[in-house]
Amino acid sequence: MSRKIAVIFPGIGYHVDKPLLYFSKRLAMQHGYEIRDVPYGGFQPGIKGDRAKMYEAFESALGQSEEILKDVNFEEYDSLLFISKSVGTAVAAAYAKKRGLRTRNIFFTPVEQSFEVMKDDGILFHGTADPWLDDESFFRECGETAYPYYLVEGGNHSLETGDALRDLDNLRWIMETVEQYMMGNESVTGA
């Protein structure tokens, strides 16, 4: 029987029990993945819009991830799935590269710096009202990659629009897309 692991890399303020990561974890468990959360923290305020603070937060989260995951023998697993949010998208990609791992990835609301390190297979989700990464930058970065991407119209950095029922509908659609990708459906296509 194959062994599968899903590693969850949260954002700075978007922890593993918020909807995108919580339900992704639940789906991964349903599909036989062992779950490892990477609960890094201790970030200073005022990171948004400050490249130096963003890099410092990334470096801190990457170092904490290495410590948190030091006992995981990734070679024991047949499938490695990294589920990440915001700065966690950069951390997940950098961690995989540093460890020489081939991962499949679900990247929720990557920040601009994430694209510098994202190389392995994955899908992206972006809100068209995300104040952390404007649409122009998102499309420019995506144009240089082959990643399928999915847009949430009017979605903020949490992919929420402010309309609770619409957000629930969007969350269902997002999780259906996530599940298709988790199941290895390579025909999942971007927007």
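Compute the Cα gyration tensor for region 90-174, then decide on rounded, prolate or oblate, letting a ≥ b ≥ c be the square roots of its eigenvalues: rounded whenever a/c is under 1.5, prolate when a/b is larger than b/c in the other cases, and oblate in all that remain.
Values: a/c = 2.34, a/b = 1.74, b/c = 1.34.
The shape class here is prolate.
With each label point set 7 Å from Cα along the Cα-Cβ vector, what nm distance links Asp71 and Asp121?
In this crude spin-label approximation the distance works out to 3.0 nm.
Post the alpha-carbon centroid distance, region 1-72 to region 151-182, in whole angstrom.
Their Cα centres are 19 Å away from one another.
Across bins of 5 angstrom width beginning at 0, how are the C-alpha pair distances of region 1-150 distributed, in whole percent?
Answer for region 1-150: a P(r) of 2, 10, 21, 24, 22, 14, 6, 2, 0, 0 percent.
Take every DSSP beta bridge with both residues inside region 98-191 and express the antiparallel ones as a percent of the total, to the nearest 5. Working shown, then result.
Numbers: 0 of 8 bridges.
Around 0 percent antiparallel, to the nearest 5.
For Met1, Met183, Met175, give the ranking by accessible area with the largest first, probe 1.4 Å.
Values: Met1 225, Met183 110, Met175 20 Å².
Largest accessible area first, the list is Met1, Met183, Met175.
Which order do the peptides 106-116, 142-152, 46-56 take when ranked by the mean count of other beta-carbon atoms within 10 Å per residue, highest first?
Top to bottom by mean Cβ count within 10 Å: 106-116, 142-152, 46-56.
Can you tell me the equivalent ellipsoid semi-axes for region 21-104? Use √(5λ) from the Cα gyration tensor, largest first, whole Å.
24, 15, 11
If one computes P(r) from the Cα atoms of region 92-133, what percent of pairs lie at distances over 13 Å?
Values: 448 of 861 pairs.
Result for the distance tail: 52 percent.
Cα to Cα, under 15 Å, and not fewer than 8 places away if on the same chain: which aspartates and glutamates meet these conditions relative to Lys98?
Glu59, Glu66, Glu67, Glu75, Glu116, Asp120
Between Asp163 and Asp50, what is the spin-label point distance in nm, taking each point 7 Å from the Cα along the Cα→C-beta axis?
Between Asp163 and Asp50, the simple spin-label model gives 3.6 nm.
Relative to a virtual label point 7 Å from the Cα of Glu176 in the Cα→beta-carbon direction, which members of region 21-49 show backbone nitrogen distances below 18 Å?
Under cut-off, by backbone N: 23-24, 27-28.
The values are calculated or read from the model by the stated rules, or taken from the named source; none is laboratory data. All values reported here derive from a predicted model rather than from experimental measurement. No Cβ is skipped: glycine too gets one built from the backbone with ideal geometry, and neighbour counts run over all protein chains shown. To get the accessible areas, we keep the full protein, side chains included, count just its heavy atoms, and leave off ligands, DNA and RNA. Shrake-Rupley method; radii C 1.70, N 1.55, O 1.52, S 1.80 Å.
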